[in-house]
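Starting off with a structure, shown below.
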Amino acid sequence: MSKILDIMNKRAAFSFELFPPKTEKGEENLLKEGGVLDKLCTMHPDYISCTYGAGGTNVGKQVPVLDAIKAKGVAPVAHFTCIGNTREGMKEQLQNYLDHGVDSILALRGDLPYGWTGTGGDLHYATELVKFVRAEFGDKFTIAVSGSPEGHIACRSLEADIGFLKQKQDEGADYIMTQLCWDMDQFRRWMDAIRKAGITMPVDVGIMPVLDAAATINMALSRNGCVMPRALAEIISKNWIFPNPFAPNESEESIAAKKAAFKEVGLEYTVKLIDEYRVCGIAGIHLYALNKYEDVARLVEMAGIKDM
């Protein structure tokens, strides 16, 4: 059994998500000695995942991040998508992961680049990708798959989405990593529904800390179609930056004050969210670290996830 699954069978796992840096400065901040990755590792996460890059971009910078994670003695998990990939290309990339000591992946269809109507590759769905990886590599990989408590935005119904999740399990997936969800009533309904559907995989909950109004709105609406509960909407409204958070024209002092106030209340909101998740029978908390340390460390301490 893989280290990650072994942990989930004993206790709730604790992990972070990073993304491949887009600039040399970002790469230095993340990977330099004493940088963000070093600091995140002081919290002893069970694993750290690294995204593939939005729309399949920035893939080349993923492996150095995975190498750095492994060098810190932490299990790396590679996000891997169908976007623009041939079967032969995927086989080469997956073997490259193994050659680098990376034996855990998150198998995804991937977000389609702007203007695309399909993956542009040989495989079109995550179910196909899971089946492909198992057929080509057997049990060499631990495979996580995405779960959408509110239903995937591209799927015809929540019921159909749960059916596809069951199919991923049947094809050989090991555990679920959830998409963003702030609607706890819906999350609890979804947990009940997937168990009734025969889905027994452990559920690792993906959580984006609520730190910035524009980022929160963007994550909810641009890709995920998430319900925004009244409590979260109130936090955004009470700290609204005019005319809108994406194109502000208030004074710099006013904007800075509202952003600071939003972050404080947002951290408290995220802590309460984590409290609710932890009593739902989940197998882990997967924090989107956003390649930052200080705010994430505060959140971990406030939520009591780890002794600091």
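The values are calculated or read from the model by the stated rules, or taken from the named source; none is laboratory data. As the structure is a prediction and not an experimental result, all values here were calculated from the model. With ideal geometry, Cβ positions are generated from the backbone for all residues, glycine too; neighbour counts draw on all protein chains shown.
With respect to the numbered conditions (1) farther than 30 Å from S2 by Cα; (2) surrounded by fewer than 20 Cβ atoms within 10 Å (Cβ to Cβ); (3) of a type in the set (S, T, Y), which one is the sole condition not fulfilled by T216?
In the conditions (1) farther than 30 Å from S2 by Cα; (2) surrounded by fewer than 20 Cβ atoms within 10 Å (Cβ to Cβ); (3) of a type in the set (S, T, Y), T216 misses (2) alone.
Related question: Looking at M8 and the list (1) at pLDDT 95 or above; (2) buried (at least 20 other Cβ atoms within 10 Å of the Cβ); (3) under 16 Å from the mean Cα position of the chain (by Cα), which single condition is not satisfied?
Evaluating M8 over (1) at pLDDT 95 or above; (2) buried (at least 20 other Cβ atoms within 10 Å of the Cβ); (3) under 16 Å from the mean Cα position of the chain (by Cα) leaves (3) as the failure.
Taking the condition of being out of contact with any Asp or Glu (no Cβ under 8 Å at 6 or more places or on another chain) and either assigned to a helix (DSSP H, G or I) or of a type in the set (V, I, T) (or both), how many residues in region 4-27 meet it?
Qualifying residue count, region 4-27: 8.
Any residue in region 114-128 that's at positive phi: show its pairings with residues that are surrounded by 19 or more Cβ atoms within 10 Å (Cβ to Cβ) and at pLDDT below 95 at Cβ separation under 8 Å, as long as the two are six or more apart or on different chains.
Final answer for the pair search is G120/I83.
Please go through region 84-139 and pick out each residue that is in a loop (DSSP other than H, G, I, E, B) and in contact with a Phe, Trp or Tyr (Cβ under 8 Å, 6 or more places away or on another chain).
Of region 84-139, the ones in a loop (DSSP other than H, G, I, E, B) are 84-86, 100-103, 109-125, 138-139.
Those that are in a loop (DSSP other than H, G, I, E, B) and in contact with a Phe, Trp or Tyr (Cβ under 8 Å, 6 or more places away or on another chain): D103, R109, G110, L123, Y125.
Exactly one condition in (1) surrounded by 21 or more Cβ atoms within 10 Å (Cβ to Cβ); (2) in a helix (DSSP H, G or I); (3) of a type in the set (F, W, Y) is not met by F80; state its number.
(2)
So which residues in region 160-188 are surrounded by fewer than 17 Cβ atoms within 10 Å (Cβ to Cβ) and free of Cβ contacts under 8 Å to residues at least 24 places away in the same chain, if there are any at all?
The answer is A160, D170, D185.
Check S237, S222 and return the single one that is outside any loop (DSSP other than H, G, I, E, B) and more than 23 Å from I153 (Cα to Cα).
Answer to the selection: S237.
Test each condition in (1) closer than 20 Å to D192 by Cα; (2) assigned to a loop (DSSP other than H, G, I, E, B) for Q167 and report the one that comes out false.
(2)
Looking only at residues in region 190-206 that are within 28 Å of T51 (Cα to Cα) and charged (D, E, K, R), which one is farthest from the chain's Cα centre (by Cα)?
This residue is R195.
Every residue in region 219-232 that is surrounded by fewer than 13 Cβ atoms within 10 Å (Cβ to Cβ), farther than 10 Å from W182 by Cβ and among the small types (G, A, S), please. Can you show your working first?
Residues of region 219-232 surrounded by fewer than 13 Cβ atoms within 10 Å (Cβ to Cβ): 221-222, 230-231.
Narrowing the set further to residues that are farther than 10 Å from W182 by Cβ leaves 221-222, 230.
Passing the criteria: only S222.
Of all the residues that make up region 28-61, how many are at pLDDT below 95 and not in a loop (DSSP other than H, G, I, E, B)?
Count: 6.
What's the total number of residues in region 144-164 that are within 29 Å of V102 (Cβ to Cβ) and not in a loop (DSSP other than H, G, I, E, B)?
Number of matching residues: 6.
Search region 203-213 for residues being closer than 11 Å to G147 by Cβ and in contact with a helix residue (DSSP H, G or I) (Cβ under 8 Å, 6 or more places away or on another chain), and hand back the single one that is surrounded by the fewest Cβ atoms within 10 Å (Cβ to Cβ).
V203
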